[in-house]
Amino acid sequence: MRWIRTISAQAEETAETLGGKAHGLVLLHRLGLRVPPGFVATTEACRAFLRDGRRPDGFDDELAAAVAGLERSTGRVLGGPRRPLAVSVRSGAGVPMPGMMSTVLGLGLTTEATEGLAAETGDRSFALDSRLRFLSSFASAVTHADVDGAAAAHAGDPAAAAKAVEDLVREHCGRPVPDDVTRQLEWAVEAVFSSWDTPRARTYRTLNAIPHDLGTAVIVQRMVFGNRDARSGTGVAFSRDPNTGANTPYGEVLFGHQGEDVVSGRSATRPLGELAEREPGVWAELLDASRRIEGYYRDACYVEFTFEAGELWILQVRPGRFVGGAAVRVATELVDERVIERHEALLRVSPQHLRHVRTPRIAPSEGNDVLARGIGACPGVAVGRMVTTPEGAMRMARDAPVVLVRPETSPNDMHGLAAATGIVTARGGPASHAAVVARAMGKPAVVGAAGLVVDAASGSVTAGGRTVGDGTLVTIDGTSGEVVLGAPSVVTNAADEHLHRLLAWADDVSGDRSARDEARRLDAAHAALRRR
């Protein structure tokens, strides 16, 4: 059995074998878009590793051959002293599990290779920052310890921060970070395989009815450095607005940073449109890529990208997976654009979508006691007792609904996110971990609540000079981004033209125009279409 495949337009395997992320990269190659070269260790390799507790027979030889091929195609040597090759090592299951598994960035930046990168670019600060990012992501993958805390103790001194992270790995693993790139890669691949079975990943799969025996693929690609210079950066883009379904690009961008900085929520992102002002060439290429990808999927799409020195690279793609009214609007407008037929639009909308169409909103009132305002990340209203830790959320949710309020969230907060009715973060944007998970679970969320200071140690939140503690009743509006004390009045949006049209099509298909609720009308159409 072959365990590793080159990611190229010629790859024929399914997403079940290559994983959804690598399968999407194959599509990007076929569309002629710029993708970092790389290879993928299959989900079959992961299942063998988890079953036997070791890399399967023949895997190491295939890994060495794949690295050699990547070195030939890039003209660089992994860990080399001159023009070094650095790679990213990412998970990619057959179904999306955002942020639940490990990622290693900049692998191959040994001490010698870091000096080589500094000499090649003439930017030692960039090289040292990239090595620190490698060590931090590597340590996080293999130890699951507080890597950020270890590095933060030496803020402003990347060499000292790097040493602190290396010491953390030695302390937790009983061995140092290897300076041998082959061992680095083997260790990283094992860490990503193993992350399939972490408690947070299992919790996510249980919540989303994902089988536990699928395993994850591991994608290894040439590193693209969004932290390279002022003309570099990273971002995410939806071809249409995921909150409304409107046919306008939506997303966020972060200049001078790597993709993990967007997801973590620790860095302040900018609206995607700012890319048009600062890097018009990258913007134009991104719009063209989004149109081509949407044309292939015949649906809205989601794209993760990085640009280095003004050159765009697409790192991930998938269909948009919108909810509620956004899903209804996209389906009906794709019919208007003659991309899909009416029957396909009906099948793309589920009764679950309809439950979120009539979006509740906090009723406007001068009497609303607004604690904070942020970015609405997932529509809806959540009312509950405020809590500032995931463990507290699990405990308090046994008795009453809770709203989890955090500085930002990480995959380690998954148990608390699952228990909460709504989610608020002080930092982060529409593509942060909290926003992505909230949309996946259909939970109202507010992110990037500027001025909100969360003190989990004391169980309190401060905003606008006021401090409130755990247990305080709050209401959040995932559309407006408001966080209000108490339980204000809530109103529900009326059905819009897109929903009226979709339900009219449903009645035409079912032939039943009797008075029924909206979900039953759609169910009847689905049943009639299945009988055809």
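Remarks
- Residue within the stretch 209-229 that is of a type in the set (A, V, I, L, M, F, W, C), surrounded by fewer than 21 Cβ atoms within 10 Å (Cβ to Cβ), in contact with a Ser or Thr (Cβ under 7 Å, 6 or more places away or on another chain) and not assigned by TED's automatic domain parsing to the domain that holds Gly428 present: yes
- Against the numbered list (1) farther than 20 Å from Thr479 by Cβ; (2) part of a helix (DSSP H, G or I), Leu417 comes up short only at (1).
- Of the listed requirements (1) surrounded by 21 or more Cβ atoms within 10 Å (Cβ to Cβ); (2) under 30 Å from Asn227 (Cβ atoms); (3) in contact with a helix residue (DSSP H, G or I) (Cβ under 7 Å, 6 or more places away or on another chain), Tyr302 misses just one: (3).
- Considering Asp470, Asp508, the condition of being buried (at least 19 other Cβ atoms within 10 Å of the Cβ) and among the charged types (D, E, K, R) is satisfied by Asp470 alone.
- Considering His29, His23, the condition of being surrounded by fewer than 24 Cβ atoms within 10 Å (Cβ to Cβ) and touching a helix residue (DSSP H, G or I) at 6+ places or on another chain (Cβ under 8 Å) is satisfied by His23 alone.
- Residues of the stretch 427-473 that turn out to be in contact with a Lys or Arg (Cβ under 8 Å, 6 or more places away or on another chain) and more than 24 Å from Ala268 (Cα to Cα), as a count: 4
- Residue in the stretch 253-263 that is within 17 Å of the chain's Cα centre (by Cα), in a helix (DSSP H, G or I) and acidic (Asp, Glu) present: yes
- Check on Val147, within 30 Å of Arg202 (Cβ to Cβ), in the same structural domain as Leu168 (by TED's automatic domain parsing) and touching a Cys at 6+ places or on another chain (Cβ under 9 Å): no
- If the condition is being in a loop (DSSP other than H, G, I, E, B) and among the aliphatic types (A, V, I, L, M), then the stretch 145-196 contributes Ala145, Ala153, Ala155, Val177.
- Among the residues of the stretch 441-450, at least one is over 23 Å from Pro488 (Cβ atoms) and in the same structural domain as Arg466 (by TED's automatic domain parsing).
- Filter pass, Ala188 being loosely packed, with under 14 Cβ neighbours inside 10 Å and among the hydrophobic types (A, V, I, L, M, F, W, C): no
- If you go through the stretch 499-526 and keep only what is more than 16 Å from Thr332 (Cβ to Cβ) and within 34 Å of the chain's Cα centre (by Cα), you end up with Ala519, Arg520, Asp523, His526.
- The residues of the stretch 372-390 that are under 21 Å from Ser458 (Cβ atoms) and under 23 Å from the mean Cα position of the chain (by Cα), listed by number, are Thr388, Thr389, Pro390.
Residue-by-condition table, conditions (1) free of Cβ contacts under 8 Å to residues at least 40 places away in the same chain; (2) crowded, with 19+ Cβ neighbours inside 10 Å; (3) β-branched (Val, Ile, Thr); (4) out of contact with any Cys (no Cβ under 7 Å at 6 or more places or on another chain):
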residue	(1), (2), (3), (4)
Val236	no, yes, yes, yes
Pro271	yes, no, no, yes
Glu277	yes, no, no, yes
Trp283	yes, yes, no, yes
Ile293	no, yes, yes, no
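- Within the stretch 20-58, considering residues that are assigned to a loop (DSSP other than H, G, I, E, B) and closer than 16 Å to Leu185 by Cα, the one nearest to the chain's Cα centre (by Cα): Thr42
- When we screen Val303, Val330, Val323, Val317 for residues that are of a type outside the set (D, E, K, R), within 21 Å of Val436 (Cβ to Cβ) and modelled with pLDDT under 95, the only hit is Val323.
- Pairs meeting the criteria (first residue in the stretch 418-438 and modelled with pLDDT of 95 or more and buried (at least 24 other Cβ atoms within 10 Å of the Cβ), second residue of a type in the set (S, T, N, Q) and in a loop (DSSP other than H, G, I, E, B), beta carbons under 7 Å, at least 6 apart or on different chains) are Thr425/Thr409; Thr425/Ser432.
- Cβ-Cβ contacts under 8 Å between residues 6 or more apart (or on different chains), taken from a first residue in the stretch 46-73 that is within 18 Å of Ser91 (Cα to Cα) to a second residue that is assigned to a helix (DSSP H, G or I) and acidic (Asp, Glu), are listed as Phe49/Glu190; Arg55/Glu186; Arg55/Glu190; Leu63/Glu186.
- Filtered residues of the stretch 5-19 (kept if among the acidic types (Asp, Glu) and in a helix (DSSP H, G or I)): Glu16
- Scope the stretch 70-90; condition among the hydroxyl-bearing types (Ser, Thr, Tyr) and either over 15 Å from Gly106 (Cβ atoms) or surrounded by fewer than 24 Cβ atoms within 10 Å (Cβ to Cβ) (or both); matching residues: Ser73, Thr74
- If the condition is being in a strand (DSSP E or B), touching a residue at least 60 places away in the same chain (Cβ under 8 Å) and within 14 Å of Gly20 (Cα to Cα), then the stretch 305-325 contributes Leu315, Gln316, Val317, Arg318.
- Residue check, Arg30 closer than 30 Å to Asp157 by Cα and in the same structural domain as Ala188 (by TED's automatic domain parsing): no
- Count of the stretch 439-476 residues, restricted to those that are under 22 Å from the mean Cα position of the chain (by Cα) and assigned to a strand (DSSP E or B), is 3.
- Residues satisfying the criterion are absent from the stretch 396-409 (criterion: in contact (Cβ under 8 Å) with a residue 24 or more places away in the chain, assigned to a helix (DSSP H, G or I) and touching a helix residue (DSSP H, G or I) at 6+ places or on another chain (Cβ under 7 Å)).
The values are calculated or read from the model by the stated rules, or taken from the named source; none is laboratory data. This one's a predicted model, so the numbers in the text were calculated from it and none came from an experiment. Positions of Cβ are generated from backbone atoms using ideal geometry, with glycine treated the same way; all protein chains shown enter the neighbour counts.
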